[in-house]
Amino acid sequence: MDDSDLARLFRAALAGDERAYGDFLHAAAELVRVWARRRTAWGGLDPEDIVQETLLAIHVKRHTWRTDGPVAPWLYAIAKHKLVDAIRRLGRNPTVEISELEGQFAAEEAETVKDWEIDRALEMLTPGQRSVVTAISVEGRTIAEAARSLDMNETAVRVALHRGLAAIARRFGRD
(Lines give C-alpha, C1' and ligand atoms only; values in the text may rest on other atoms or scores of the structure.)
Protein backbone atom coordinates (compact mmCIF):
# COMPACT_ATOMS: atom_id res chain seq x y z
CA MET A 1 0.00 0.00 0.00
CA ASP A 2 1.48 3.35 -1.00
CA ASP A 3 1.30 6.61 0.92
CA SER A 4 -1.61 8.03 -1.07
CA ASP A 5 -3.78 4.96 -0.30
CA LEU A 6 -2.77 5.13 3.34
CA ALA A 7 -3.59 8.86 3.47
CA ARG A 8 -6.95 8.26 1.79
CA LEU A 9 -7.84 5.62 4.41
CA PHE A 10 -6.75 7.87 7.25
CA ARG A 11 -8.76 10.83 5.93
CA ALA A 12 -11.84 8.60 5.74
CA ALA A 13 -11.12 7.33 9.25
CA LEU A 14 -10.86 10.87 10.59
CA ALA A 15 -14.20 11.60 8.95
CA GLY A 16 -15.78 8.78 10.99
CA ASP A 17 -15.43 5.70 8.75
CA GLU A 18 -14.72 2.90 11.23
CA ARG A 19 -13.93 0.32 8.54
CA ALA A 20 -11.39 2.67 6.96
CA TYR A 21 -9.87 3.26 10.40
CA GLY A 22 -9.47 -0.48 10.95
CA ASP A 23 -7.91 -0.90 7.50
CA PHE A 24 -5.59 2.05 8.14
CA LEU A 25 -4.45 0.67 11.50
CA HIS A 26 -3.87 -2.78 9.98
CA ALA A 27 -1.75 -1.31 7.16
CA ALA A 28 0.09 0.99 9.57
CA ALA A 29 0.85 -1.95 11.86
CA GLU A 30 2.42 -3.88 8.97
CA LEU A 31 4.60 -0.92 7.96
CA VAL A 32 5.74 -0.24 11.52
CA ARG A 33 6.34 -3.96 12.16
CA VAL A 34 8.81 -4.22 9.26
CA TRP A 35 10.45 -0.95 10.30
CA ALA A 36 10.70 -1.99 13.99
CA ARG A 37 12.12 -5.45 13.24
CA ARG A 38 15.08 -3.89 11.45
CA ARG A 39 15.76 -1.51 14.30
CA THR A 40 15.37 -3.92 17.22
CA ALA A 41 17.51 -6.77 15.86
CA TRP A 42 20.34 -5.97 18.30
CA GLY A 43 18.29 -7.39 21.16
CA GLY A 44 16.49 -6.41 24.27
CA LEU A 45 13.43 -4.98 22.53
CA ASP A 46 10.38 -6.70 21.13
CA PRO A 47 9.31 -5.12 17.82
CA GLU A 48 5.67 -5.94 18.64
CA ASP A 49 5.88 -3.64 21.66
CA ILE A 50 6.97 -0.80 19.38
CA VAL A 51 4.10 -1.61 16.98
CA GLN A 52 1.50 -1.60 19.75
CA GLU A 53 2.78 1.60 21.34
CA THR A 54 2.88 3.28 17.93
CA LEU A 55 -0.72 2.27 17.16
CA LEU A 56 -1.85 3.61 20.51
CA ALA A 57 0.00 6.89 19.92
CA ILE A 58 -1.54 7.17 16.43
CA HIS A 59 -4.98 6.85 17.98
CA VAL A 60 -4.24 9.45 20.66
CA LYS A 61 -2.44 11.87 18.33
CA ARG A 62 -4.51 11.34 15.16
CA HIS A 63 -5.65 14.97 15.27
CA THR A 64 -2.02 16.15 14.78
CA TRP A 65 -1.73 14.76 11.24
CA ARG A 66 -2.10 17.40 8.55
CA THR A 67 -4.70 15.97 6.19
CA ASP A 68 -3.09 17.61 3.17
CA GLY A 69 0.30 15.95 3.79
CA PRO A 70 1.73 12.46 3.46
CA VAL A 71 0.93 10.04 6.28
CA ALA A 72 4.00 7.74 6.17
CA PRO A 73 6.54 10.30 7.49
CA TRP A 74 4.13 11.20 10.31
CA LEU A 75 3.64 7.50 11.08
CA TYR A 76 7.39 6.74 11.10
CA ALA A 77 8.10 9.79 13.28
CA ILE A 78 5.72 8.42 15.90
CA ALA A 79 7.31 4.97 15.61
CA LYS A 80 10.77 6.49 16.00
CA HIS A 81 9.72 8.28 19.19
CA LYS A 82 8.25 5.04 20.58
CA LEU A 83 11.48 3.20 19.77
CA VAL A 84 13.52 5.88 21.56
CA ASP A 85 11.17 5.65 24.57
CA ALA A 86 11.61 1.87 24.67
CA ILE A 87 15.40 2.17 24.50
CA ARG A 88 15.35 4.69 27.33
CA ARG A 89 13.26 2.32 29.44
CA LEU A 90 16.00 -0.28 29.06
CA GLY A 91 18.30 2.20 30.74
CA ARG A 92 21.94 1.35 31.09
CA ASN A 93 21.27 -2.37 31.39
CA PRO A 94 19.83 -3.64 28.13
CA THR A 95 18.86 -7.29 27.93
CA VAL A 96 20.64 -9.34 25.33
CA GLU A 97 20.13 -13.02 24.62
CA ILE A 98 23.27 -15.08 25.13
CA SER A 99 22.76 -16.71 21.72
CA GLU A 100 23.22 -13.28 20.13
CA LEU A 101 26.69 -13.01 21.66
CA GLU A 102 27.99 -16.50 20.95
CA GLY A 103 31.37 -16.42 19.30
CA GLN A 104 32.04 -12.80 20.22
CA PHE A 105 33.97 -13.54 23.39
CA ALA A 106 36.98 -15.71 24.05
CA ALA A 107 36.16 -19.13 25.43
CA GLU A 108 36.30 -19.38 29.19
CA GLU A 109 39.59 -20.79 30.33
CA ALA A 110 39.54 -23.92 32.43
CA GLU A 111 40.36 -23.34 36.06
CA THR A 112 43.87 -24.52 36.75
CA VAL A 113 45.25 -25.65 40.04
CA LYS A 114 48.87 -25.24 41.03
CA ASP A 115 50.89 -28.32 42.00
CA TRP A 116 51.50 -26.97 45.50
CA GLU A 117 47.72 -26.59 46.00
CA ILE A 118 47.18 -30.22 45.05
CA ASP A 119 50.00 -31.33 47.35
CA ARG A 120 48.52 -29.28 50.19
CA ALA A 121 45.10 -30.90 49.72
CA LEU A 122 46.56 -34.41 49.52
CA GLU A 123 48.77 -33.96 52.62
CA MET A 124 45.83 -34.13 54.98
CA LEU A 125 44.55 -37.48 53.68
CA THR A 126 45.41 -40.90 55.05
CA PRO A 127 47.95 -42.75 52.88
CA GLY A 128 45.23 -45.03 51.40
CA GLN A 129 42.93 -42.10 50.54
CA ARG A 130 45.87 -40.13 49.15
CA SER A 131 46.89 -42.93 46.75
CA VAL A 132 43.28 -43.43 45.54
CA VAL A 133 42.57 -39.70 45.08
CA THR A 134 45.91 -39.26 43.30
CA ALA A 135 45.31 -42.21 40.98
CA ILE A 136 41.78 -41.15 40.00
CA SER A 137 41.59 -37.36 40.37
CA VAL A 138 45.17 -36.40 39.53
CA GLU A 139 46.34 -39.12 37.16
CA GLY A 140 42.94 -39.68 35.57
CA ARG A 141 42.68 -43.44 36.06
CA THR A 142 39.33 -45.23 36.15
CA ILE A 143 38.06 -46.95 39.28
CA ALA A 144 38.99 -50.35 37.78
CA GLU A 145 42.51 -49.20 36.81
CA ALA A 146 43.12 -47.70 40.24
CA ALA A 147 41.86 -50.86 41.95
CA ARG A 148 44.25 -53.04 39.91
CA SER A 149 47.27 -50.79 40.40
CA LEU A 150 46.66 -50.36 44.15
CA ASP A 151 45.72 -54.02 44.66
CA MET A 152 42.28 -53.10 46.07
CA ASN A 153 38.75 -54.08 45.12
CA GLU A 154 36.63 -51.49 43.28
CA THR A 155 34.26 -50.96 46.21
CA ALA A 156 37.16 -50.12 48.52
CA VAL A 157 38.51 -47.66 45.90
CA ARG A 158 35.12 -45.95 45.65
CA VAL A 159 34.85 -45.65 49.44
CA ALA A 160 38.40 -44.28 49.78
CA LEU A 161 37.80 -41.81 46.93
CA HIS A 162 34.54 -40.60 48.42
CA ARG A 163 36.03 -40.19 51.90
CA GLY A 164 39.15 -38.51 50.59
CA LEU A 165 37.23 -35.99 48.46
CA ALA A 166 34.82 -35.33 51.34
CA ALA A 167 37.78 -34.63 53.67
CA ILE A 168 39.28 -32.20 51.14
CA ALA A 169 35.92 -30.47 50.72
CA ARG A 170 35.49 -30.10 54.47
CA ARG A 171 39.02 -28.76 54.84
CA PHE A 172 38.48 -26.10 52.21
CA GLY A 173 34.94 -25.20 53.30
CA ARG A 174 32.90 -26.88 50.60
CA ASP A 175 30.56 -29.36 52.19
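The values are calculated or read from the model by the stated rules, or taken from the named source; none is laboratory data. What you see is a predicted model; the values in this text were computed from it and never measured. Cβ sites come from the backbone with ideal geometry, for glycine too, and all protein chains shown count toward neighbours. All accessible areas refer to the heavy atoms of the entire protein, side chains included, with ligands and DNA or RNA removed. Shrake-Rupley method; radii C 1.70, N 1.55, O 1.52, S 1.80 Å.
Just grab the label-to-label distance for residue 64 and residue 41, each label 7 Å out from Cα along the Cβ direction, in nm (one decimal). Taking the simple label geometry, residue 64 and residue 41 are separated by 2.9 nm.
A Förster radius of 45 Å, combined with the Cβ-Cβ distance separating residue 4 from residue 89, puts the computed FRET efficiency at roughly 0.80. Measuring with a 1.4 angstrom probe and ignoring ligands and nucleic acids, residue 21 comes out at about 50 Å² accessible. Annotation for region 1-49 versus region 114-175: alpha-carbon center distance of 68 Å.
Taking a sphere under 14 Å around the Cβ of residue 13 and counting the other residues whose Cβ falls inside, with K and R at +1 and D and E at -1, yields a net charge of +1. The mean accessible area for residues of region 2-86, using a 1.4 Å probe and ignoring ligands and nucleic acids, is 56 Å² per residue.
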